[in-house]
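**Student:** The structure is given below, and queries will be raised subsequently.
Since every read-out is calculated from the coordinates, none of them should be taken as a lab result. None of the values given here were measured: they were computed from a predicted structure. Glycine gets a Cβ as well: all are built from the backbone with ideal geometry, and neighbour counts include every protein chain shown.
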Amino acid sequence: MTTLQKPLNRPGQPTQPLGAATRLTGAATLVAVAVLAVVVWTAVQLYLVAPDSGGWRWVLIAIAILGVIGALAPFSPARNAFQSRSAAVRAVADGDGPAIRKYRSRMRNSAWVCLGGCLTVLVLCAFVLFLLANNHAVQRTFFQPAMISRSWFEVTKAFGRNIFIAVVAEIIVLVWGLVLALARLAPGRAGRSIASLATAYIDAFRAVPAIIVIYLVGFGLPLAHFPVLSSLSPTGAAILALSLTYGAYVAEVYRAGIESVHWSQPAAARSLGLSHGLSMRYVVVPQAVRRVIPPLLNDFIGLQKDTALVTVIGTVDGFTQAKIYSSNYFNLSSVTVVAALFVIVTIPQTRFVDRLLARDQRRMSR
Amino acid sequence: MSFLQIQDLVKSYDDTPVLRSVSLDVDQHEVVCLIGASGSGKSTLLRCINSLEEIDGGEVWLDDQLVSGEGTDVDQLRRDVGIVFQSFNLFPHMTVQQNITLAPRKIRGLADRVANDRAAELLQRVGLADKASTYPDQLSGGQQQRVAIVRALAMDPRVLLLDEITSALDPELVAEVLDIVRGLAHDGLTMLLATHEMSFAREVASTVCFLHAGTILEQGPPEQMFGDPQEERTKAFLHSVTAAGRL
Ligand SMILES: Nc1ncnc2c1ncn2[C@@H]1O[C@H](COP(=O)(O)OP(=O)(O)OP(=O)(O)O)[C@@H](O)[C@H]1O
Ligand SMILES: [Mg+2]
């Protein structure tokens, strides 16, 4: 048997020179220096405007200091890159191929870590510069400390209305969406007409923008003189409108979940003598619900955000309240407050669902 | 009249006929084994018997009652005729105990305690007394299949259908499941089982049926079917099975 022998110094791939990696390391270091310069300049600007910012003076100075510290961070990987380079140069002298490859790859990795850090710092710095631009007009418009401290209490109180609307609507939607989904999947010939009705509803309410549904319900029902429904408060109308719209979205989420349960599961349930309803209730829906929690939460976050639309029918929610401040004082900082409130209520929910999912994953690994 | 009687059963999927005309009588306490090549319609036949598939023609009688066609109370039928699948199909979100007691509690209306006691007793019988509160995915395939059998037994079916219940198992797990079936046969449960385990069929069957091209081509006691088959097709099938080392 003949074997074709390739001339190799030591096992594996032929080694390339260090040139490219060295150039990358040098470039990364230069970029880090440039970014540091920009950040220091920005920090000086921050320091200069700090006295005008009233109560926020120390916040601005803290941001400036943190920014400079952050801009120094990329130098650590840059140093690692140079250390790896020294090791690589020694390996070249020894003719140790594998060591050359190892240190060269470390050098490259460190250089990329440095560049990634630089990019992050630069983006944050650009944001601060944007706020400072035009004699820090942006900061004064959106983040004016005086406006924030004047408005935050009333805005937060009014934001309670958004939370109330969202929570009640979500509870209704959980049930209504499931009802719609089950109707859409109704079995047999008798189910067909119900299924088409549910489909029509879902199609319609997914097509019409939520703001229009809110408008129609909020102004239309009182005009219709319909018992009970016509005497709904604006908050009640908002809850009803959002439930109608999001029920349609959530129905589709449930349906996808139900259809994702393997057909052998309902078959096994039916084979035990369980009716369609019982098999749905105890076997299919419980499995479907576990799977739809993440998309369900997406829709709920959408619903929570859409509570801001109720401003069109005169419900005084956080946004409406913020707008009152912003038009009285020609300043949008109060609106920034509502925006921040939405962020604050959303993030814990996302983390909560991540935890739930992780727990379920541990318990049933399928 | 036999306990379970299948007359001229016809079933096709779309335009492909799967069962052309199957007739079969099963007496009480009898164990009937269905053998035949893959795709010969064994699973389909079992699924037609308890109406998991709609049949296109023929009749199924259970204890002198017609249990096929329009107006059949399929839920009642399935309480009388249990089925165990090749792929276990346990409910993954329920513990073993909940899997077993779901149907007795919800359909028969048994109190939780009564249902749980019964489940414990059955689990004891299949050697899984300590697994009541485990979830299915924490069990081996053989254990899952034993739970699936117990789940079917918990409804006290009058007939039990077993569809290749050992095909999805590793060889060393097959015996533990077959032991259970052997025990059930010994206790006199009427069973109809599709299987590729020929030696097992030979041991427990009172009748062996060879399915081919949508009909029962040949049937008889196991000694005759395995020792002296009459039909060429049966011979060829058994020959190929022997060659594969399954007899
Ligand atoms: N849902 C279905 N739709 C269409 N054709 C089907 C369906 N189920 C089964 N078939 C066809 O019916 C025939 C019989 O299938 P069946 O599952 O009853 O065979 P089997 O004897 O159980 O085979 P195996 O030993 O592989 O389990 C096969 O040809 C199969 O392709
Ligand atoms: Mg089969």
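**Student:** Calculate, in whole percent, how much of the Cα-Cα pair population of segment A:19-140 lies beyond 18 Å. Can you show the working numbers first?
**Tutor:** Values: 4244 of 7381 pairs.
Cα-Cα pairs in segment A:19-140 separated by more than 18 Å: 57 percent.
**Student:** Also, quick follow-up: Note the direction-averaged projected area, equal to a quarter of the hull surface, for the Cα convex hull of segment A:248-316, in nm².
**Tutor:** So the Cα hull casts an average projection of 5.6 nm².
**Student:** Is there a simple number for the mean count of other chain Cβ atoms within 10 Å of the Cβ of residues in B:81-94, and what is it?
**Tutor:** On the way: counts 2, 3, 5, 2, 4, 1, 3, 2, 10, 2, 8, 11, 11, 4.
Whole-number average of other-chain Cβ neighbours for B:81-94 is 5.
**Student:** Let me ask another. Between segment A:52-127 and segment B:122-154, what is the C-alpha centre distance in whole Å?
**Tutor:** Distance between centres, Cα-based: 57 Å.
**Student:** Using Cα-Cα distances under 8 Å and only pairs 6 or more residues apart, what relative contact order does chain A have, in percent?
**Tutor:** It rounds to 18 percent for chain A.
**Student:** Take every Cα pair under 8 Å in chain B that's 6+ residues apart, average their separations, divide by the length, and report that relative contact order as a whole percent.
**Tutor:** Working: 437 pairs, mean separation 64.3, N = 247.
Relative contact order here is 26 percent.
**Student:** Mind telling me which of A:Gln83, A:Gln287, A:Gln139 comes out most flexible in a GNM of chain A, alpha-carbon contacts under 10 Å?
**Tutor:** Answer for the Gaussian network model of chain A: A:Gln83.
**Student:** Tell me the net charge near A:Leu332. Cut-off is 15 Å between Cβ atoms, A:Leu332 excluded, with +1 for each Lys or Arg and -1 for each Asp or Glu. Display every interim value, and only then the final one.
**Tutor:** On the way: positive: A:Arg140, A:Arg150, A:Lys323; negative: none.
Combined, the nearby Lys, Arg, Asp and Glu give +3.
**Student:** Same structure, new question: Largest first, please: the extent of the C-alpha atoms of chain A along each principal axis, to the nearest Å.
**Tutor:** 90, 81, 31
**Student:** Now a separate question. Provide Rg and Dmax in Å for segment A:33-85, with only Cα atoms included in the calculation.
**Tutor:** Rg and Dmax of segment A:33-85, Cα atoms, are 14.3, 50 Å.
**Student:** Using the C-alpha atoms of the protein assembly as shown, what convex hull volume per residue, in cubic angstrom, is computed? The partial results should precede the final answer.
**Tutor:** On the way: hull volume 168.6 nm³, N = 613.
So the per-residue hull volume is 275 Å³.
**Student:** Restricting to the protein assembly as shown, what percent of DSSP beta bridges are antiparallel, rounded to 5? The partial results should precede the final answer.
**Tutor:** On the way: 19 of 37 bridges.
Bridges in the protein assembly as shown are about 50 percent antiparallel.
**Student:** Taking the Cα centre of each part, how many Å lie between segment B:50-91 and segment B:166-230?
**Tutor:** So the separation of the two Cα centres works out to 21 Å.
**Student:** Ranked by Cβ crowding within 10 angstrom, fewest neighbours first, how are A:Trp152, A:Trp58, B:Trp61 ordered? Please list the in-between numbers first.
**Tutor:** On the way: A:Trp152 20, A:Trp58 10, B:Trp61 17.
Ascending Cβ contact count within 10 Å gives the list A:Trp58, B:Trp61, A:Trp152.
**Student:** To the nearest 20 Debye, how big is the dipole of segment B:143-247 about its Cα centre, given +1 on the beta carbon of each Lys and Arg and -1 on that of each Asp and Glu?
**Tutor:** Working: 8 positive and 15 negative charges, 32 e Å.
Around 160 debye, computed over segment B:143-247.
**Student:** Something else now. Taking neighbour Cβ counts within 10 Å as the exposure measure, how do A:Ile211, A:Ile65, B:Ile55, A:Ile165 sort from fewest upward?
**Tutor:** Details: A:Ile211 17, A:Ile65 13, B:Ile55 22, A:Ile165 26.
Fewest to most other Cβ atoms nearby, the residues stand as A:Ile65, A:Ile211, B:Ile55, A:Ile165.
**Student:** Dipole magnitude of chain A about its Cα centre, charges +1 at Lys/Arg Cβ and -1 at Asp/Glu Cβ only, in debye to the nearest 20? Intermediate results must be reported in sequence, preceding the final value.
**Tutor:** Working: 33 positive and 13 negative charges, 303 e Å.
Value, rounded to 20: 1460 debye.
**Student:** Would you mind getting the Kirkwood hydrodynamic radius of segment A:215-334 from its Cα pairs, rounded to one decimal in Å? Before the final figure, lay out the partial values.
**Tutor:** Details: mean 1/r = 0.0573 Å⁻¹.
Computed over Cα pairs of segment A:215-334, the Kirkwood hydrodynamic radius comes out at 17.5 Å.
**Student:** Give me the net charge for the shell around B:Val10: Cβ to Cβ below 12 angstrom, other residues only, Lys and Arg +1, Asp and Glu -1.
**Tutor:** Working: positive: B:Lys11, B:Arg20; negative: B:Asp8, B:Glu53, B:Glu54, B:Asp56, B:Glu59.
Around B:Val10, the charge tally is -3.
**Student:** Ok, one more. Relative to the Cα centre, what is the charge dipole magnitude of segment B:18-157, using +1 at the beta carbon of each Lys and Arg, -1 at the beta carbon of each Asp and Glu, and rounding to the nearest 20 debye? The partial results should precede the final answer.
**Tutor:** On the way: 14 positive and 19 negative charges, 149 e Å.
That gives segment B:18-157 a dipole magnitude of about 720 debye.
**Student:** What's the average, rounded to a whole number, of partner chain beta-carbon atoms within 10 Å of each residue's beta-carbon in B:69-76? Don't jump to the answer; show the numbers that get you there.
**Tutor:** Details: counts 0, 0, 0, 0, 1, 4, 8, 1.
Across the residues of B:69-76, the mean count of other-chain Cβ atoms within 10 Å is 2.
**Student:** Here's a follow-up. When DSSP assigns beta bridges and you keep just the ones with both residues in chain B, what percent turn out antiparallel, to the nearest 5?
**Tutor:** Details: 19 of 37 bridges.
Close to 50 percent.
**Student:** I would also like to ask the following. When a footprinting reagent is the concern and you count Cβ atoms within 10 Å, what order do A:Tyr103, A:Tyr215 take, fewest first? Working shown, then result.
**Tutor:** Details: A:Tyr103 23, A:Tyr215 17.
By the 10 Å Cβ count, ascending, the order reads A:Tyr215, A:Tyr103.
**Student:** Return the calculated 222 nm mean residue ellipticity for the protein assembly as shown, to the nearest 500 deg cm²/dmol, obtained by summing -39500 (n - 2.57) across DSSP H runs with n ≥ 4 and dividing by the residue count.
**Tutor:** On the way: 23 runs with 381 residues, N = 613.
Result for the protein assembly as shown: -20500 deg cm²/dmol, rounded to the nearest 500.
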